[in-house]
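What follows is a set of notes on a single structure, which appears directly below.
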Amino acid sequence: MQKSHGNDYQLEILDNGVVSFRHQQTGEILHGSVGPEKEAEQLYIQASGLVHWPHSVATVFDIGMGCGAQLLALLDFLSSDSPCNQLDIFSFDLEKNGLKAALEAQAHFASVRRHCDFLARACQENHFTWTMSNGKSLRWTFVEGDFLQTILAPKIANPELKADFIFYDFFSPASHPWLWTHDLFSKLFQYAVPQTRLVTYSSATCVKAALAAAGWYVGTTIPSGKKAHSILAAGSLARLENPLNSSFLGTFERSHKPFCEAESESSKRTIREQLAEHPQFKSNQ
Ligand SMILES: C[S@@+](CC[C@H](N)C(=O)[O-])C[C@H]1O[C@@H](n2cnc3c(N)ncnc32)[C@H](O)[C@@H]1O
């Protein structure tokens, strides 16, 4: 079974007092132990580098929209005095149950209360332009359906489309391995330019390997939850502050889980071959 329509979320107060959502089908707590607002701000807005984006426009992929934590953080970012005054956001998900759960739980989340009018409209429409009170604007597109089928839909609609930032926030590679494969990261690489940055909370070796084999340059950034670090990948080595070095090839070889469970035998061979040839590891001996 691959897809998981009908995702349900239950509000959960963690031992540290943080309020988050538990995904009922997998039992996974969204946003680790730091909670949705902090993780979205620290990892996806700050560590991605969006906060330092010097241009007036940015295109952002919000992959695994869920309860909308990244989307809300992007609305907060637009409220700031950054030179960026227009965001083009593509949110990918099977459905909008998470957004509805966030709206229902607004008493617990200041960010939801700040942007409840936007969320209410997003529950009703899949594509609209939203103007903030400071005059900045965002164009929002909801790409609905199974990511395996929809990943290239925006590109089919606009072959020139490139993403400046990609927030990759699906359930874990352990529970949803089919969403962390070399094939998907290769398709995502079609949206990359040298400046593109992709951030995910995962720190898994199999994710780093699949990304690198798909053409991404791969590094690390601040931890999320209990992980030692998160992954920051980019379209060029110059866009990484902490790139993996050639010792990653040894880590990959020694790993007890070098590949996501969903990889085919031929993908595994491709990952091995592409890793050995990757310029990041050749130039970084
Ligand atoms: C970890 S949650 C995302 C958390 C989210 N970013 C937030 O801020 O709350 C993962 C999301 O991926 C979605 N999802 C699961 N399988 C999917 C698939 N095959 N295609 C598209 N979305 C999927 C789920 O509906 C869920 O909303």
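The values are calculated or read from the model by the stated rules, or taken from the named source; none is laboratory data. Keep in mind that what you see is a predicted model, and the values were worked out from it rather than measured. Cβ coordinates were reconstructed from backbone atoms using ideal geometry, including for glycine residues, and neighbour counts include every protein chain displayed. Keep in mind that these areas ignore ligands, DNA and RNA; they rest on the heavy atoms of the full protein, side chains included. Shrake-Rupley method; radii C 1.70, N 1.55, O 1.52, S 1.80 Å.
Of the residues that sit in the range 218-256 and are of a type in the set (Val, Ile, Thr) and under 17 Å from the mean Cα position of the chain (by Cα), which one is nearest to TYR201 (Cα to Cα)?
Residues of the range 218-256 that are of a type in the set (Val, Ile, Thr), as a first pass: 218, 220-222, 231, 251.
Pick out the ones that are also under 17 Å from the mean Cα position of the chain (by Cα) and you get 218, 220-222, 231.
Details: VAL218: 13, THR220: 10, THR221: 9, ILE222: 9, ILE231: 6 Å.
Restricting to residues being of a type in the set (Val, Ile, Thr) and under 17 Å from the mean Cα position of the chain (by Cα), the top hit is ILE231.
Could you figure out which of (1) among the small types (Gly, Ala, Ser); (2) surrounded by fewer than 19 Cβ atoms within 10 Å (Cβ to Cβ); (3) in a strand (DSSP E or B) isn't true of GLY219?
(2)
Is it the case that some residue within the range 138-158 is touching a Lys or Arg at 6+ places or on another chain (Cβ under 8 Å), among the β-branched types (Val, Ile, Thr) and either open to solvent by less than 10 Å² (accessible area, probe 1.4 Å) or away from the ligand (no atom under 11 Å from the Cβ) (or both)?
The answer is yes; a qualifying residue exists.
Hey, VAL60 hits all of (1) closer than 25 Å to ILE231 by Cα; (2) more than 13 Å from the ligand (Cβ to nearest atom); (3) touching a residue at least 24 places away in the same chain (Cβ under 8 Å) but one; which does it fall short on?
Evaluating VAL60 over (1) closer than 25 Å to ILE231 by Cα; (2) more than 13 Å from the ligand (Cβ to nearest atom); (3) touching a residue at least 24 places away in the same chain (Cβ under 8 Å) leaves (2) as the failure.
Out of the helices (runs of 4 or more DSSP H) lying entirely within the range 130-206, which hold 2 or more residues that are in contact (Cβ under 8 Å) with a residue 40 or more places away in the chain?
Because the criterion is at least 2 residues that are in contact (Cβ under 8 Å) with a residue 40 or more places away in the chain, the helices (runs of 4 or more DSSP H) in the range 130-206 that meet it are 147-150, 182-189.
Any residue in the range 253-263 that is in a helix (DSSP H, G or I) and either touching a Phe, Trp or Tyr at 6+ places or on another chain (Cβ under 6 Å) or modelled with pLDDT of 95 or more (or both)? Full working, then the answer.
Filtering the range 253-263 for residues in a helix (DSSP H, G or I) gives 253-254.
Those still in the list that are either touching a Phe, Trp or Tyr at 6+ places or on another chain (Cβ under 6 Å) or modelled with pLDDT of 95 or more (or both) too: 253-254.
Yes, some residue in the range 253-263 is in a helix (DSSP H, G or I) and either touching a Phe, Trp or Tyr at 6+ places or on another chain (Cβ under 6 Å) or modelled with pLDDT of 95 or more (or both).
If you take the residues of the range 222-239 that are surrounded by fewer than 19 Cβ atoms within 10 Å (Cβ to Cβ) and hydrophobic (A, V, I, L, M, F, W, C), which of them is modelled with the lowest pLDDT?
Here the residue is ALA228.
Mind checking which residues of the range 82-98 are open to solvent by less than 20 Å² (accessible area, probe 1.4 Å) and in contact with a Ser or Thr (Cβ under 9 Å, 6 or more places away or on another chain)?
CYS84, LEU87, ASP88, ILE89, SER91, PHE92
Tell me, which residue of the range 106-137 that is among the hydroxyl-bearing types (Ser, Thr, Tyr) and over 30 Å from GLU12 (Cβ atoms) is least open to solvent (accessible area, probe 1.4 Å)? Break it down stepwise before answering.
Filtering the range 106-137 down to residues among the hydroxyl-bearing types (Ser, Thr, Tyr) leaves 111, 129, 131, 133, 137.
Remaining after also requiring over 30 Å from GLU12 (Cβ atoms): 129, 131, 133, 137.
Details: THR129: 79, THR131: 92, SER133: 133, SER137: 26 Å².
In this case the residue turns out to be SER137.
Quickly run through the range 39-50 and pick out the residues that are open to solvent by 10 Å² or more (accessible area, probe 1.4 Å), part of a helix (DSSP H, G or I) and away from the ligand (no atom under 12 Å from the Cβ).
Selection gives GLN42, GLN46, ALA47.
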